[in-house]
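This report concerns only the one structure given below.
Quick note: the coordinates plus some simple rules give every number you see, no bench work behind them. Owing to the predicted nature of the structure, the values given are computational and were not obtained by experimental measurement. So basically every Cβ, Gly included, is an ideal-geometry build from the backbone, and we count neighbours across all protein chains shown.
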Amino acid sequence: MLFGGSKRTDATAGGKEGIIGAMTIAWDDAYKRNFIMWKVPRNIRLNDNIVVREDEIAVFYRDGKVLAYLDKPDRYALTSQNAPILGGLIRALSGVKQQAEVYYIQKKVFDGKFGSKQPYQFKDKEFGIVNLRVFGEFRYRVNEPVNFINQFVGTLNYQTSQEVEERIKEQMVLLVYDAIGHLKEKGMGVTELAPNLTNIEQIVLEKSKDHFGMYGIEINKVSGLYINLPEEVQKAVDTRASMQVLGTNYMQYQAGQAMREAAQNPSGTAGAGVGIGAGIGAGYAMIGSMAQAMQPSQTQQPSPQPQGKACIKCGVIIPADAKFCSSCGARQEKIECPNCKAPLPADAKFCSSCGTALGSKKCSNCGVDMPASAKFCPNCGKSV
Amino acid sequence: MVDIRERIEEDRGVLKKIQLIIPGYEGYRRREDIRKADNLLRNQLADKLKIARNDIEGVRRNLVYKYETRNLEKIGDLLNYFQKIDGQLRHAEHGYSGISPAIRIEEEELNKLYEFDYSMAKIIEGIINEAKKMRSVKEEEMLDEIERIREMLGEFEKTFKMRMVYITGTEV
């Protein structure tokens, strides 16, 4: 039993105490999980043996003083005047019972996660005030057991890893905010935060020493740091990143995007081939404007605007006011798919995006009009 | 540096001395003492390596407080490498052999193991000296210096990993 009284026996002691009441004490694995420290629940007696494993540190206190700091794996015999006869005699004569205690602490590293509860308002030069949220992971361990016992156990009575982590989490968020704030002062914008995440991790790691050293805790890794930008800012950042990769300016990038969208939205039933045609048709006009954008001398002269528009089905350039395509005959009017809202030619029978049947049909049983995609009549319920 | 094996021999208590005269137990006691000496030696080596790590942490500290991010990531990676080597040193194999093993590890091999680990101290000295230089290195030369220390650590790791192969004489 974990917090039993002085009669607690231990597996390592074979369930027996010695003649003078001494025993071998070890931190049972079954009780170790989730506990960062454990106080041996009885006063140490003369020649009690304690087993310190590879992943443990034991601190031996006698009369309030740290007498031994046992961080090497071994079995140690502890000296104390507490023994059934001698200890009892001293107590009877002086009324004083010697206090000898042992605290075990896990040396292994523990993992924790942190995340901001409130957003950090970052005043960016380009985007104005941007709300940031930060998330990340950290690894910590106890490196100064005496400080840890005095600051955490003594002051706050924290014993589980969860309690310790709770304390660390908020501080970690503050450290990240602090790092971001200083980097902003150095001229870093919101768009540069993402490529600097590992640097921010290093700053936080270094600064954590000052904050957690006094608690006897060492943060030895900060990883998976993520700074969450608002969606619209993220979009703008992505656009900028893409523009940098492509080496284009905003106009050229937008033209390229439009080309891609046009190619991805084929019209009518003709399928992908026509779609590509439409894309090329639309893009053809844009390539011209891209070329102009690349030649600054030409941009000073007003360039003739292309007359007409691309057919929504085959992409051929037709007069701007044409109602039908002179090439494929498609009606130049768009409808919206009732299912996926994709824009479609007015005469489309099926949605080219999701395949939904368009238009209406009559029920063969009762003659009521119903949507073309209906499988049962809404009036009589007959399967159609 | 003192020979820890001798110190352990000198400090044998009554119980250990009794064990040394019990037939069949003597060899076990001697081997166990060399393993303990080797363990203490490796911990010392790891502590020495920590001196170099502390120097580099000092450099990182300077950069952090100036918010100079140029070399921070590389320094962080180097410090992680130090931590990895630290773990390998402290928790390396002690040189135990199983019941009727293919290759026995006797007192002679354990002594070789101790001497091998002892020889690693020289490489660590080199790393400590190189890390000391880091404090005075200019920012533009820092990457080269980091790379130099990284290479030295790499060499150390490579050699250290081969220790059991060397001492058992099984290198192919």
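Annotations for the structure displayed:
- Residue-span extension gain [B:I51 to B:Y67] - 0.36 nm each, minus C-alpha spacing: 3.3 nm
- When the Cα convex hull of segment A:201-250 is projected onto planes of every orientation, the mean area is 5.2 nm².
- Sparse-neighbourhood loop sites, trypsin sites (Lys or Arg not before Pro) in segment A:169-261 - DSSP loop, at most 16 other Cβ within 10 angstrom: A:K186
- Net charge of Cβ neighbours under 13 Å - reference A:V173; Lys, Arg +1; Asp, Glu -1: +1
- Cβ-defined net charge surrounding A:F152, 12 Å radius [Lys, Arg +1; Asp, Glu -1]: -3
- For chain B, size of Cβ-based charge dipole, Lys and Arg +1, Asp and Glu -1, in debye: 480 debye
- For A:K361, a cut-off of 21 angstrom between C-alpha atoms picks up these lysines, skipping any fewer than 8 places away in its own chain: A:K334, A:K341, A:K349, A:K375, A:K382.
- Each listed q (0.19, 0.21 Å⁻¹) maps to a log10 I(q)/I(0) for segment B:5-107, found by the Debye formula over equal Cα scatterers with no solvent: -0.97, -1.08.
- Calculated over segment A:15-101: convex hull of Cα atoms, volume per residue (Å³): 98 Å³
- Straight-distance crosslink candidates among lysines, where the alpha carbon sits under 24 Å from A:K107 and sequence neighbours closer than 8 are dropped: A:K32, A:K39, A:K65, A:K72, A:K169, A:K207, A:K209, A:K221, B:K36, B:K48, B:K50, B:K84
- Hz values of 3J(HN,Hα) by residue in segment B:158-172 - Karplus curve (6.51, -1.76, 1.60), Gly and Pro given as x: 4, 5, 5, 5, 8, 4, 5, 5, 5, 6, 8, x, 10, 5, 9
- Loop-located trypsin sites (Lys or Arg not before Pro) in segment B:106-169 whose Cβ has at most 13 other Cβ within 10 Å (DSSP): B:K138
- Which of A:C354, A:C311, A:C337 has the fewest Cβ neighbours within 10 Å, and the rest in rising order: A:C354, A:C337, A:C311
- All other residues whose Cβ lies under 14 angstrom from that of B:R7 are scored, Lys and Arg at +1 and Asp and Glu at -1, for a net of -3.
- Fewest-first ranking of B:E73, A:E206, B:E141, using other Cβ atoms within 10 Å as the exposure measure: B:E141, B:E73, A:E206
- Segment B:80-136: C-alpha gyration tensor shape, a/c 1.5 cut-off, then a/b vs b/c: oblate
- Rh by Kirkwood over Cα pairs, then Stokes-Einstein D for segment A:53-125 at 1.306 mPa s and 10 °C, µm²/s: 97 µm²/s
- Taking θ as phi - 60° and the Karplus parameters 6.51, -1.76 and 1.60, the scalar couplings of segment B:94-99 work out to 8, x, 9, 10, x, 6 Hz in sequence order, x denoting glycine and proline.
- For the protein assembly as shown: rounded, prolate or oblate by the Cα gyration tensor [a/c cutoff 1.5]: prolate
- Rounded, prolate or oblate (a/c below 1.5 giving rounded, otherwise prolate when a/b exceeds b/c) for segment B:104-159 by Cα gyration tensor: prolate
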